[in-house]
Every structure is written in structure tokens, then in C-alpha cells.
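Here the structure comes first, spelled out in C-alpha cells, and everything after it is commentary.
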Amino acid sequence: MASVIKSVSFDAHDARALATFWAAVFGTDVDEDATPDKAFLEAAGWGGPNIWFTRVPEPKTAKNRVHFDLRAPGPMDDEVRRLEALGATVVRHFAALTTMADPEGNEFCVEPGPSV
């Protein structure tokens, strides 16, 4: 039997704040026991990995070696604007995808969703 992804873990300056951002992105809730030291998101849909956030003393210093690729639920530009309103920033914009950063600088990509 092969392994499965149980959870994805993020180092964070403020675990609860970063978890709150990602909960809004994925349409889920932050665990009620979340603190600035540790926070947990249960997967919003069946089969997705859970996400852990843990406070670490050092800041992020380099580009992520692993990142999320998000598929927008509709037009990519609409989703980019929604994520900016939640606190993300655009790093680079291309025709086929937009690279963004979460409030602590972790990069992720947004791809267009289904054609309308």
C-alpha cells in the first residue's frame, strides 16, 4: 500500500493568523483551540490534506521549495482579487497563472478555473 498525504505543515510567525488567512482561502474554519503557537485547518473537501501551522522563531528567508497550485472557481483575475482582499499579494502575473504570496510571504499559484 502507498502512503497518502495526511497533512501539510507550515512554519509561521503567527500560526493562528496564517491559519485564518488560509481558512478563508479554502472556505473552512480554524480549529477552536488555535493559538499563535499552533493552529489546525481540517480539509474543506473530502480527500484533501489537513493543514498545520506552527510558530517558529526564524523568518522565511528564501523561495518555497513546495507550494500550492490553486484552481480558481471561475476567472483567475476574480480569484486573484478575492485573495488580495484576504491579504495575499501578487508576485508575478502571467497569462496562464498568477504567482501570489500569503501574508507571511509563502508563495502559491492561482490558475484559471473552468470557462464560463
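List of remarks:
- For the pair Met1 and Thr89, the difference between a 0.36 nm per residue extended length and the Cα-Cα distance amounts to 27.7 nm.
- Computed [θ] at 222 nm, helices only, for the chain once each DSSP H run of length n ≥ 4 contributes -39500 (n - 2.57): -6000 deg cm²/dmol
- The trypsin sites (Lys or Arg not before Pro) found in segment 64-107 that occupy coil by DSSP, while having at most 10 further C-beta atoms within 10 Å, are Arg65.
- With respect to the chain, whose longest principal axis is taken over its alpha-carbon atoms, helix 76-86 is tilted by about 40°.
- Sites Ala96 and Glu42, calculated FRET efficiency, Cβ-Cβ separation with R0 41 Å, nearest 0.05: 0.85
- Shape analysis of the chain places it in the prolate category; the axes a ≥ b ≥ c from the Cα gyration tensor give an a/c of at least 1.5, with a/b above b/c.
- Sites counted here are GluC sites (Glu not before Pro) in a DSSP loop (not H, G, I, E or B) having no more than 15 other Cβ atoms within 10 Å; the longest part of the chain that contains none of them is 43-116.
- Ordering Trp22, Trp52, Trp46 by the number of other Cβ atoms within 10 Å of each residue's own Cβ, fewest first, gives Trp46, Trp52, Trp22.
- Summing Cβ point charges (Lys, Arg +1; Asp, Glu -1) relative to the Cα centre of the chain gives a dipole of roughly 340 debye.
- Residues Asp29, Asp11 in ascending order of nearby Cβ atoms (within 10 Å, fewest first): Asp29, Asp11.
Bear in mind that the values in this text are calculations on the coordinates, not laboratory data. Because the structure is predicted, anything quoted here is derived from the model rather than measured. Neighbour counts are summed over all protein chains in view; Cβ atoms, including those assigned to glycine, are modelled from backbone coordinates with ideal geometry.
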